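The values are calculated or read from the model by the stated rules, or taken from the named source; none is laboratory data. Remember, predicted model here, so these are calculated numbers, not experimental data. Every residue, glycine as well, gets a Cβ built from its backbone with ideal geometry; the counts of neighbours run over all protein chains shown. Surface accessibility is based on the protein's heavy atoms, side chains included, excluding ligands, DNA and RNA. Shrake-Rupley method; radii C 1.70, N 1.55, O 1.52, S 1.80 Å.
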Amino acid sequence: MKKSMIWMLIGVMAFAFIGLLYLQVQYIAIIFKTSNEQFESTVRRSLERVSHELEQEEARVTLENLNGVEFMYKNPPDQQNINQMMQNIEIQMTKRDSNRIIKGISKIKSSSFQQQYIQKPQEKNAKSTIIETSEKLQTDIRERYYRQKAIFDDVAFRHIHSAYLIPIEKRVDLKALQNVIKTEFVNNGLNLPFILMVVNNSEQVVYQSEAFTRTPKSSEIITQVIFPVDPPSKQNYIKVYFPTKGDYLSESVSFLVPSIIFSIILLITFTITIFTIFRQKKLSKMKNDFINNMTHELKTPVSTISIAAQMMKDSDISKSPEVFKHISTIINDETKRLGFLVEKVLQMSLFENRKATLKLRELDVNDLIAGIANTFKIKVEKSGGTINIDLQAEKSTILADEMHITNMLFNLMDNAVKYRREGVPLLLMARTRNEGEKVIILIEDNGIGVKKENLKKIFDRFYRVPTGNIHNVKGFGLGLAYVRKVAEDHKGSIRAENGLGNIGTTFIITLPTIKN
């Protein structure tokens with residue numbers, strides 16, 4: 001797959017995920033806002049109901065305290081309303097009296113026509129009596145209505161001009177108020193703990209049910225006037241704060257948590273997939289480079305062996321023992337070289353698939369480095385360089401496989417020789433020191449060095465530092481990968497740093513020492 005196609009897929013998937021997450025966040029915000037508005041509306045409706053009940057209770061108590069006081073009504077009620085009420089009373093009274101009249105008339109119907117004429121004046125008198133009675137009744141009811149209305153109006157007038165002068169703690173039982181409010185909340189489906197405050201117009205707290213665990217924001221407190229008819233300068237307020245309101249509202253959007261978790265899992269999976277694709281693409285390129293290098297490396301010994309084999313067929317060469325011996329030596333050397341290359345690939349395959357079987361025994365790192373440096377001295381001096389050692393580690397005994405540890409150090413020193421700077425004598429230094437219960441091995445050189453961005457990559461399989469089209473040093477990019485594997489299998493680690501002034505490279509190996 002082309003790189004441009006991969007980036008296009010990344011863009012499409014990223015856009016889809018961002019859009020999905022945005023919609024989910026917006027949906028959660030809308031639900032949370034709606035739930036908050038419904039919560040506050042329910043609380044305000046409950047508090048308004050409590051305030052109305054307090055007004056009714058105060059009016060009831062005031063009326064119960066009246067003991068036959070006489071009042072004069074100055075402003076009569078609407079005459080149309082009174083007339084309507086009187087008509088209803090008259091209809092009821094007329095129906096009742098008419099029933100009595102009908103009973104009397106039924107007794108007269110059996111008499112003669114003359115008797116009927118004689119009874120007509122009596123009927124007329126009866127009718128007059130009903131009207132007079134009805135009018136008198138209406139007058140009595142009207143007077144009683146005016147009297148009671150005057151009493152109520154006067155009580156209301158006195159109440160609104162004197163009630164607010166009484167302290168709120170005497171007008172309302174503040175301790176019982178909390179139970180009333182709690183009951184109203186429960187009836188409206190809010191069974192949450194709350195803190196009740198009653199404050200006056202000067203924001204002074206008259207009553208508070210309990211102390212705050214933290215100072216609430218003004219937006220978290222819901223306020224309601226206790227007696228709305230009081231003058232604004234004398235009004236008192238109920239303030240309610242819900243400490244667990246956030247948890248209550250969060251439950252309203254809790255059903256969306258699984259969808260968000262699944263979206264995050266998909267996002268992580270997508271990220272890992274993209275990372276794997278790029279890693280595999282990079283690994284594929286490195287493998288292609290490896291195959292090209294390996295083909296070139298294997299071609300040389302194979303070609304040399306083939307030429308030598310053809311020369312041995314020549315009868316003249318077979319007659320010369322010295323030439324024959326020389327050709328045999330070339331074949332033997334190239335065969336060893338070919339075997340070494342194949343063994344190196346197989347060795348890395350072994351380390352990749354399973355942990356190698358190490359033959360562990362006690363080794364002295366100082367002695368090991370001294371022996372390797374003495375053996376490697378000839379190769380370094382042949383290239384015009386020098387090798388020195390500085391063995392400061394006092395605790396230098398480790399448990400290790402001598403062959404793999406030796407190969408690890410040989411690889412690092414051999415790289416120093418391969419990647420030396422042209423025209424500059426090689427300076428190779430091997431050091432040891434202790435850090436706690438660990439021994440530190442440092443292999444330093446003054447070669448061409450490694451760029452900072454490549455320091456962490458040089459230990460990857462098949463990786464080779466880019467050098468453009470210059471391939472002076474042949475290799476597969478397996479040596480340092482082998483070095484890291486050996487260090488890790490010995491429960492240690494390795495890292496690379498640039499030398500002083502970005503000249504050369506320093507490889508730092510950390511291995512655990514034997515405590516006893």
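Being touching a strand residue (DSSP E or B) at 6+ places or on another chain (Cβ under 9 Å), open to solvent by less than 30 Å² (accessible area, probe 1.4 Å) and assigned to a helix (DSSP H, G or I) is the filter; apply it to the stretch 162-183 and report the residue that is modelled with the highest pLDDT.
My answer is Ile181.
Among the residues that make up the stretch 365-385, is at least one of them open to solvent by 80 Å² or more (accessible area, probe 1.4 Å), in a helix (DSSP H, G or I) and at pLDDT 85 or above? Steps first, answer last, please.
Here is the first cut: in the stretch 365-385, the ones open to solvent by 80 Å² or more (accessible area, probe 1.4 Å) are 367, 374-375, 377-379, 381-382.
Now narrow it down to the ones that are in a helix (DSSP H, G or I): 367, 374-375, 377-379, 381-382.
Next cut, at pLDDT 85 or above only: 367.
Checked the stretch 365-385: at least one residue is open to solvent by 80 Å² or more (accessible area, probe 1.4 Å), in a helix (DSSP H, G or I) and at pLDDT 85 or above.
Would you point out the residue of the stretch 138-154, among those that are of a type in the set (A, V, I, L, M) and either at pLDDT below 75 or open to solvent by 50 Å² or more (accessible area, probe 1.4 Å) (or both), that is nearest to Arg60 (Cα to Cα)? Before the answer, list the steps.
Applying the first criterion (of a type in the set (A, V, I, L, M)) to the stretch 138-154 yields 141, 150-151.
Going one step further and asking which of them are either at pLDDT below 75 or open to solvent by 50 Å² or more (accessible area, probe 1.4 Å) (or both), we end up with 150-151.
On the way: Ala150: 17, Ile151: 14 Å.
Ranking the qualifying residues of the stretch 138-154, first place goes to Ile151.
Return the residue satisfying two criteria in turn: it lies in the stretch 435-454 and is open to solvent by less than 30 Å² (accessible area, probe 1.4 Å) and out of contact with any Leu (no Cβ under 9 Å at 6 or more places or on another chain), and of such residues it is farthest from Tyr419 (Cα to Cα).
Residues of the stretch 435-454 that are open to solvent by less than 30 Å² (accessible area, probe 1.4 Å), as a first pass: 439-443, 445-447, 449-450, 454.
Okay, now just the ones that are also out of contact with any Leu (no Cβ under 9 Å at 6 or more places or on another chain), so 442, 449-450, 454.
Details: Leu442: 17, Gly449: 8, Val450: 10, Asn454: 15 Å.
Result: Leu442.
What pairs come up if the first residue lies in the stretch 267-289 and is under 16 Å from Lys457 (Cβ atoms), the second is open to solvent by 90 Å² or more (accessible area, probe 1.4 Å) and modelled with pLDDT of 75 or more, and their beta carbons are under 6 Å apart, counting only those six or more places apart or on different chains?
Going by the 6 Å Cβ cut-off, there are no qualifying pairs.
Given the residues Ser252, Ser218, Ser209, which is the only one that is of a type outside the set (D, E, K, R) and modelled with pLDDT under 80? Give the derivation first.
Numbers: Ser218 fails: modelled with pLDDT under 80; Ser209 fails: modelled with pLDDT under 80.
Testing whether each residue is of a type outside the set (D, E, K, R) and modelled with pLDDT under 80 leaves just Ser252.
Can you tell me which residue within the stretch 255-288, out of those that are among the aliphatic types (A, V, I, L, M) and over 25 Å from the mean Cα position of the chain (by Cα), is modelled with the highest pLDDT?
Ile277
Based on this model, can you work out whether Pro228 counts as surrounded by fewer than 14 Cβ atoms within 10 Å (Cβ to Cβ) and within 30 Å of Arg44 (Cα to Cα)? Lay out the reasoning, then the answer.
Details: surrounded by fewer than 14 Cβ atoms within 10 Å (Cβ to Cβ): yes; within 30 Å of Arg44 (Cα to Cα): yes.
Against the criterion (surrounded by fewer than 14 Cβ atoms within 10 Å (Cβ to Cβ) and within 30 Å of Arg44 (Cα to Cα)), Pro228 qualifies.
Table: residues versus (1) modelled with pLDDT of 90 or more; (2) under 21 Å from Asp390 (Cβ atoms).
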| residue | (1), (2) |
| --- | --- |
| Ala416 | no, yes |
| Gly423 | no, no |
| Asn434 | yes, yes |
| Asn454 | no, no |
| Gly475 | no, no |
| Asn502 | no, no |
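Looking only at the stretch 184-206, decide whether some residue is open to solvent by 60 Å² or more (accessible area, probe 1.4 Å), within 23 Å of Gln38 (Cβ to Cβ) and in a loop (DSSP other than H, G, I, E, B).
Yes; the residues of the stretch 184-206 include at least one that is open to solvent by 60 Å² or more (accessible area, probe 1.4 Å), within 23 Å of Gln38 (Cβ to Cβ) and in a loop (DSSP other than H, G, I, E, B).
I'd like to know if the stretch 56-69 contains one or more residues that are modelled with pLDDT of 80 or more, open to solvent by 100 Å² or more (accessible area, probe 1.4 Å), basic (Lys, Arg) and part of a helix (DSSP H, G or I).
The answer is no; no qualifying residue exists.
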